[in-house]
Amino acid sequence: MSLALDLLTIVAVSLGAVFFLAGTLGLLRFPDTLTRLHALTKADNLGLGLVVLGLLPQVDWPLGALKLSAVWLLALLAGATVGQLLGAAVRPPPPVARVAGVAEESHP
Amino acid sequence: MSLALVGDLSLALLILGLAVWTIGARGAYGAVVGFVAYGLLVALVWVRLAAVDVALTEAALGSGLMGLLLLRAAARLPHDPAPPAAGRAGRLALRVLVGLACAALAAGLAAVVLLLPEPAPSLAAAAGAALPATGLGNPVAGVLLAYRAIDTLLEAVVLVLALIGLWSLAADDAWGGRPGALRIGQPGPALVLLAQLLPPLGILVGIHLAWTGANHPGGAFQGAAVLAAMWAIVMVAGLSPPPRVDRRAVRLVLVVGAALFFAIGIGGVWWADAFLAYPADWAKPLILAIEAALTLSLAAALGLLLAGPPAVDPDPVAAGRAGVRS
Amino acid sequence: MTEFLLGAALFVLVTVALGLIRVLRGPDDADRMLAAQLLGTGGVAVLLLLGVANGVNGVADLALMLALLAAFASVAFVTGVGQPGPPAPGAAADAARPSEQP
């Protein structure tokens with residue numbers, strides 16, 4: 001039983017590392033900030049999920065496993081919304097208009 | 001050359017490279033990003049040294065909250081054109097001097113660490129031996145709240161003093177108003193969504209960190225930093241305006257931690273023969289009470305430090321309405 | 001198992017390092033904003049692998065906090081963008097006035 005769990009750990013963590021590598025390759029090779037953001041949030045989040053899955057058999061059950069899952073869910077939530085936030089910020093905003101010393105900014 | 005050693009060396013090289021890049025970065029914004037990344041990586045180093053409490057503090061205060069403060073400071077710096085060529089030799093000499101001083105300091109620290117006798121002198125055994133009397137399971141909490149409680153009390157006071165110093169930067173006609181540094185023009189829908197989803201989880205994590213500090217890595221400062229960060233996100237997104245700083249409730253919350261700590265310390269003079277000594281059976285409940293009050297005060301103080309000095313309200317009517325501005 | 005987890009941690013650390021180099025070198029500030037997100041996922045993965053490999057107590061709490069603070073740092077970076085640029089010759093008074101942007 002523990003051999004099967006160790007095998008699960010090795011397979012899942014290795015897959016997770018591969019996804020991290022894919023994410024970094026995307027970061028290095030993609031031409032544009034928005035595409036790089038995409039590579040970062042999607043591939044790296046999946047890599048983290050696989051790593052967490054692989055570590056679940058190695059921590060004490062149930063509290064340790066629950067905490068690890070909570071970490072991944074939080075990273076997913078944060079990554080998804082922050083990805084939108086970063087994307088909205090990266091898209092070039094219209095020129096800032098300075099009217100009598102007051103700067104008007106559009107949606108960030 | 002074991003794998004752990006290779007890993008440690010890689011981490012150290014990465015951090016050093018990042019530090020050098022941060023110092024040499026062209027724009028202030030890039031330098032702050034590098035600094036925050038550096039802080040998060042140093043937290044990993046602390047984990048390798050099995051000092052998770054320090055890692056928590058480094059990640060929360062050293063890089064997270066400091067990053068926001070540094071960005072704001074960088075934004076207020078004048079963007080001056082290239083400095084005049086006149087004093088260039090003097091500036092270069094100053095930089096070389098600073099570089100030499102930093103190198104000397106680093107060499108001195110390295111010498112101190114490398115020349116320690118084996119085994120290194122340490123009070124860890126004595127601290128661990130006296131821990132059961134406090135009822136705590138985390139020796140760091142024991143040091144912070146029992147052996148060196150005076151330091152923690154003074155830190156809480158210093159934070160309030162720093163806040164007063166920050167408030168004193170307000171313009172005369174803004175005194176007592178709402179802090180204005182976290183006001184942004186138009187928070188987008190993504191930011192509002194983040195501010196609605198993240199803070200409830202963050203508050204849970206913050207309270208958990210503060211509570212679990214008694215027996216596991218954690219503590220009042222770390223929990224308070226997470227709570228303050230969540231409050232700052234809410235303030236930036238415009239979901240809830242920063243409170244007016246002349247409100248009595250705000251000021252009460254800020255001082256309750258240090259005041260309770262001080263009161264318990266004074267009580268120790270009667271019941272345990274020394275200032276900040278705890279009576280034998282009451283140590284743990286008193287420490288937990290101090291931690292709770294301290295977390296509340298520190299979270300308020302850190303959040304208000306992030307919110308900046310009071311500023312004149314550009315739209316007093318809208319600020320009175322707590323609602324989504326979009 | 002410990003050796004494997006340490007090796008995986010080292011691998012992910014190298015990918016994070018490569019990503020950091022790319023992100024921080026990015027020609028303009030918009031690229032550098034990604035650094036916090038990179039560390040929020042990659043850094044957390046390295047942390048969890050290191051912590052479980054060495055049996056360090058309390059690493060999951062630190063991972064929770066890292067994820068939260070990476071999101072906070074991203075918010076700080078995004079709302080810190082859009083700072084006043086180099087002042088035009090006639091706008092020196094504008095630049096001298098303290099800005100309300102964070």
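Coordinate-derived values only; no laboratory data. Fair warning: this is a prediction, and the values are worked out from it, not measured in the lab. Quick reminder, even Gly has a Cβ in these numbers, built from the backbone with ideal geometry, and neighbours come from all protein chains shown.
Brief remarks on what is shown
- ³J(HN,Hα) computed for each position of the stretch B:119-136 - Karplus, 6.51 cos²θ - 1.76 cosθ + 1.60, integer Hz, glycine/proline x: x, 5, x, 7, 9, 4, 5, 5, 5, x, 5, 7, 5, x, 5, 7, x, 9
- Overall form of the stretch A:2-104 per C-alpha gyration tensor (a/c, 1.5; a/b vs b/c): oblate
- Taking every residue in B:179-185 and counting other chain Cβ atoms within 10 Å of its Cβ, the average works out to 5.
- Average beta carbon contacts from partner chains per residue of A:28-38, 10 Å cutoff: 3
- Judged by the mean number of other Cβ atoms found within 10 Å, the most tightly packed of the peptides B:288-295, A:59-66 leads the ranking B:288-295, A:59-66.
- Considering helices alone, the calculated mean residue ellipticity of chain B at 222 nm is -22000 deg cm²/dmol, with DSSP H runs of length four and up weighted by -39500 (n - 2.57) and normalised per residue.
- Considering only B:118, B:155, B:58, the Gaussian network model of chain B with Cα springs below 10 Å gives its largest mean-square fluctuation to B:118.
- The phi-based Karplus calculation (6.51 cos²θ - 1.76 cosθ + 1.60; θ = phi - 60°) puts the 3J(HN,Hα) values of the stretch C:25-42 at 7, x, x, 10, 4, 4, 5, 6, 4, 6, 4, 5, 5, 4, 6, x, 9, x Hz, whole numbers, x for Gly and Pro.
- Ranked list, fewest to most other Cβ atoms within 10 Å of each Cβ, for B:208, B:79: B:79, B:208
- Shape of the protein assembly as shown, Cα gyration tensor, a/c cut at 1.5: rounded
- The string of couplings for the stretch A:41-55 from the Karplus curve (6.51, -1.76, 1.60, θ = phi - 60°) is 6, 6, 5, 5, 5, 5, x, 5, x, 5, 4, 4, 4, x, 7 Hz, one whole number per residue in order, with x for Gly and Pro.
- Fewest-first ranking of B:168, B:240, C:74, A:14, using other Cβ atoms within 10 Å as the exposure measure: B:168, B:240, A:14, C:74
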